[in-house]
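The structure appears right after this line, and notes come after that.
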Number of protein chains: 2
Amino acid sequence: MNLLLLHPNEVDEASIARLSGRRLEHAREVLRVQAGQTLKVGILGGLMGTAEVLSQDAQALVLKVSATEPPPPRAGVSLVLAVPRPKALKRVIPAVASLGVDRVVLVNAARVEKSYFDSKVLAREFLDGLVELGLEQACDTLRPTLEIRERLKPFVEDELATWAPRDSVRLVPHPTATTPLRPVPASTHVVLAIGPDGGWVPFEVELFSKHGFQPVSLGRRVLRGEVAVPAVLGAVRAAT
Amino acid sequence: MNLLLLHPNEVDEASIARLSGRRLEHAREVLRVQAGQTLKVGILGGLMGTAEVLSQDAQALVLKVSATEPPPPRAGVSLVLAVPRPKALKRVIPAVASLGVDRVVLVNAARVEKSYFDSKVLAREFLDGLVELGLEQACDTLRPTLEIRERLKPFVEDELATWAPRDSVRLVPHPTATTPLRPVPASTHVVLAIGPDGGWVPFEVELFSKHGFQPVSLGRRVLRGEVAVPAVLGAVRAAT
């Protein structure tokens, strides 16, 4: 945890926050904080800064918060992500949040196992927790928006146009594509459709193509979702 | 497992391979192979191709191998990697292998916990297993060379010059750097020095700088090793 995340309603009018639970435990047992010490903090959805530890005991960590800095800039990326197996999802969501992705929609696909949608990892509260882990790691306060769609086709046909910014570049990595993935200028928003293990099936690639997605190649290597997502983001947002 | 990896001495003069253990189990229980079926195979350090299943039972999977294709091209990247915590190392090594990194040296650093060097994950046999997982994922047969150095300074001062190709670009991602990380043409080898959680300390950055490494910035976000490695590789090897 590189940043202690506070919910806006946890900071009172005198800028005092009283924390318990996971963050109190982490502060006491891992960071071993003492009164007088300063911690890096961020207010979810808002500013970042520091907090002075006023007191700490088994019941509460009491902080005096001073948050005046803006969070880091967004990646300018929206992600259409085929639901990965639950174990992989637990790593992908914090990674996606730490990379500053603007919005994520977890979608069904032909090669996504139906049972994944019953996983507790897809529960809203669990996903929110994974997002916060990523923000704490990256020192950011802005969550990606996060949605789940059990049907891919209606999402692409009916929702995508308003879900992502209008003038964005849309890319679908696919092994048979001949155009390599190239960096896109930071001023242009990018929508990436990243398939499941085994990839999108031809019908799905065709559906994306029909809706303005260009198939791009990542080379011959077959990468796991949790490796592909940061690698693709690194490539598409590389400074040129 | 997208590719069944065979050791060269497992394939006899008649191109027959008899497998047991993990790969037999995987073929029977996950892939549910039957006689007559074709599998994608690769020979460690050599060619890739297909194999016909001649027979399979609880004792052995018998294959007729035909390997004539070259593995995918290398990334042209050497990695000086501060030893991550063992749990992260288990994910980073397969990722590094799947990305086609040419060589890795796991090094000590001020912010690496001493205890990591006693972890069973650093045992040669365990590391080799992690590398093979990455190759099976990516459909590759070439392992990165993999070494461990418990002292950073002598490695950088005495070994680095001969360890990596002479005319390579050397980069050390560091939060205070002002030059952003940019793609490097594919024809130029890149040496990356990726620090531990918490980063390299100033002394270490200075040591790298003295030996031709340029500090580069990845932006304000603090990324976990397992996210930073694919993101940095994606950025540095982005097609431009």
**OP:** Quickly run through region A:96-132 and pick out the residues that are under 11 Å from the mean Cα position of the chain (by Cα), under 21 Å from A:GLY199 (Cβ atoms) and within 14 Å of chain B (Cβ to nearest Cβ).
**Re:** A:VAL96, A:VAL101
Original post:
Are any residues in region B:202-240 buried (at least 19 other Cβ atoms within 10 Å of the Cβ) and basic (Lys, Arg), and if so, which ones?
Top reply: B:ARG221, B:ARG224, B:ARG237
**OP:** Residue by residue through region A:205-215, note down the ones that are over 22 Å from the mean Cα position of the chain (by Cα) and in a strand (DSSP E or B).
**Re:** A:GLN214, A:PRO215
Subject >> Residue selected from region A:49-87 under the condition part of a strand (DSSP E or B) and acidic (Asp, Glu), by the criterion nearest to A:ARG149 (Cα to Cα) >> reply: A:GLU69
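Please state which one of A:LEU171, A:LEU135, A:LEU142 is touching a residue at least 12 places away in the same chain (Cβ under 8 Å), within 20 Å of the chain's Cα centre (by Cα) and part of a strand (DSSP E or B).
On the way: A:LEU135 fails: part of a strand (DSSP E or B); A:LEU142 fails: part of a strand (DSSP E or B).
Of the residues listed, the single one that is touching a residue at least 12 places away in the same chain (Cβ under 8 Å), within 20 Å of the chain's Cα centre (by Cα) and part of a strand (DSSP E or B) is A:LEU171.
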Original post:
If you take the residues in region A:112-146 that are over 21 Å from A:VAL232 (Cα atoms) and of a type in the set (Asp, Glu), which one is surrounded by the most Cβ atoms within 10 Å (Cβ to Cβ)?
Top reply: A:GLU136
**OP:** Report whether or not B:ASP158 is within 11 Å of chain A (Cβ to nearest Cβ), at pLDDT 95 or above and either within 18 Å of the chain's Cα centre (by Cα) or farther than 28 Å from A:VAL229 by Cα (or both).
**Re:** no
**OP:** Report the residue count in region B:7-42 for those that are touching a helix residue (DSSP H, G or I) at 6+ places or on another chain (Cβ under 9 Å) and farther than 19 Å from B:ASP57 by Cβ.
**Re:** 1
Subject >> Residue list for region B:188-240, filter: free of Cβ contacts under 8 Å to residues at least 40 places away in the same chain, more than 7 Å from chain A (Cβ to nearest Cβ) and within 14 Å of B:ALA177 (Cβ to Cβ) >> reply: B:PRO202, B:VAL205, B:GLU206, B:SER209
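Looking only at region A:65-80, which residues are within 11 Å of another protein chain (Cβ to nearest Cβ) and surrounded by fewer than 21 Cβ atoms within 10 Å (Cβ to Cβ)?
Quick first cut of region A:65-80, residues within 11 Å of another protein chain (Cβ to nearest Cβ) only: A:69-75.
A:GLU69, A:PRO70, A:PRO72, A:PRO73, A:ARG74, listed by residue number.
Looking at this structure, is B:ASP158 free of Cβ contacts under 8 Å to residues at least 24 places away in the same chain and farther than 24 Å from B:PRO173 by Cα? Spell out how you get there, then give the answer.
Details: free of Cβ contacts under 8 Å to residues at least 24 places away in the same chain: yes; farther than 24 Å from B:PRO173 by Cα: no.
So B:ASP158 fails the test.
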Original post:
Quick one: in region B:26-48, which of the residues that are part of a strand (DSSP E or B) and within 14 Å of chain A (Cβ to nearest Cβ) is surrounded by the fewest Cβ atoms within 10 Å (Cβ to Cβ)?
Top reply: B:LYS40
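Are any residues in region A:121-132 free of Cβ contacts under 8 Å to residues at least 24 places away in the same chain and either in contact with a Pro (Cβ under 7 Å, 6 or more places away or on another chain) or not hydrophobic (A, V, I, L, M, F, W, C) (or both), and if so, which ones?
Going through region A:121-132, the residues free of Cβ contacts under 8 Å to residues at least 24 places away in the same chain turn out to be A:123-126, A:128-129.
Correct list: A:ARG124, A:GLU125, A:ASP128, A:GLY129.
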Original post:
Has region A:9-17 got any residue that is among the β-branched types (Val, Ile, Thr), under 28 Å from the mean Cα position of the chain (by Cα), closer than 24 Å to A:SER98 by Cβ and surrounded by 13 or more Cβ atoms within 10 Å (Cβ to Cβ)?
Top reply: yes
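Just to check your reading of the model, which residue among B:VAL83, B:VAL104, B:VAL62, B:VAL53 is within 23 Å of A:ARG221 (Cα to Cα), surrounded by 14 or more Cβ atoms within 10 Å (Cβ to Cβ), at pLDDT 95 or above and among the aliphatic types (A, V, I, L, M)?
Working: B:VAL83 fails: within 23 Å of A:ARG221 (Cα to Cα); B:VAL62 fails: within 23 Å of A:ARG221 (Cα to Cα); B:VAL53 fails: within 23 Å of A:ARG221 (Cα to Cα).
The unique qualifying residue is B:VAL104.
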**OP:** Kindly indicate whether B:VAL222 is of a type in the set (A, V, I, L, M, F, W, C) and not in a loop (DSSP other than H, G, I, E, B).
**Re:** no
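The values are calculated or read from the model by the stated rules, or taken from the named source; none is laboratory data. Remember, predicted model here, so these are calculated numbers, not experimental data. Using ideal geometry, Cβ is built from the backbone for each residue, glycine included, and neighbour counts are taken over all protein chains shown.
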